[in-house]
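See structure below.
The values are calculated or read from the model by the stated rules, or taken from the named source; none is laboratory data. Just so we're clear, the structure is a prediction, and the values are computed from it rather than from any experiment. Reconstructed Cβ throughout: ideal geometry from the backbone, glycine too, with neighbour counts over all protein chains shown. The area values use the complete protein model at the heavy-atom level, side chains included, leaving out ligands, DNA and RNA. Shrake-Rupley method; radii C 1.70, N 1.55, O 1.52, S 1.80 Å.
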Amino acid sequence: MFFSQNLTFKKAFRFSLGVELVFLALLCLSNIFNESLNTVFPKIEIYMKIFAFIYLLYLAYKVLISSIGGPKKSFDEKYSNIKYAMILQFINPKGVIYALTVISTFVTLNYSNWIVQLNLVILLAFIGFLGTLSWAAIGTLL
């Protein structure tokens, strides 16, 4: 939303596309990682879920605190490209935790066929893209 408020929807769309490409890769890697962990260490899944839950609560708390009277962020157009979006998404801990959690909770736990898992990963990535795109559209409207 930040980029689309300061740029056009087209440039925000390119940024969203970069986020989507890496998010799809994160979901695929998470699926492979979870399948491997479930094979080698089947009891570790619950600890991963607990860690992810606590970390997401921590992030929610930090967002709440930072939005109260925080400084206004400056805008730099050089960061509004696909390359920066891909780098940002790869180091985004929320995206990584989400990918690990959703794959381990809903995909690998319930489906063992890799074709079904791949279809679910693509569906989850598409839903994520629609979410990112909706933020870009809302930012353009604002």
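Once the 1.4 Å probe is applied to the protein heavy atoms, the chain comes out at 67 Å² accessible per residue. The 3J(HN,Hα) values that the Karplus relation (6.51, -1.76, 1.60; θ = phi - 60°) gives for region 16-23 are, in residue order, 4, 5, x, 4, 5, 4, 6, 5 Hz. Gly and Pro appear as x. Between residue 84 and residue 40, full extension at 0.36 nm per residue minus the direct alpha carbon distance yields a gain of 12.3 nm. Could you state the angle between the C-alpha long axis of helix 93-102 and the longest principal axis of the C-alpha atoms of the chain, as a value from 0 to 90 degrees rounded to the nearest 10? That helix lies at roughly 40 degrees to the long axis. Quick one: pull the percent of accessible area on the chain belonging to carbon and sulfur, 1.4 Å probe, ligands and nucleic acids left out. Carbon plus sulfur share of accessible area: 73 percent. Within a straight-line Cα-Cα reach of under 18 Å, residue 83 can be paired with the following aspartates and glutamates, leaving aside sequence neighbours fewer than 8 residues apart in one chain: 20. Taken along the Cα-to-beta-carbon direction at a fixed 7 Å, the label points for residue 106 and residue 134 span 1.3 nm.
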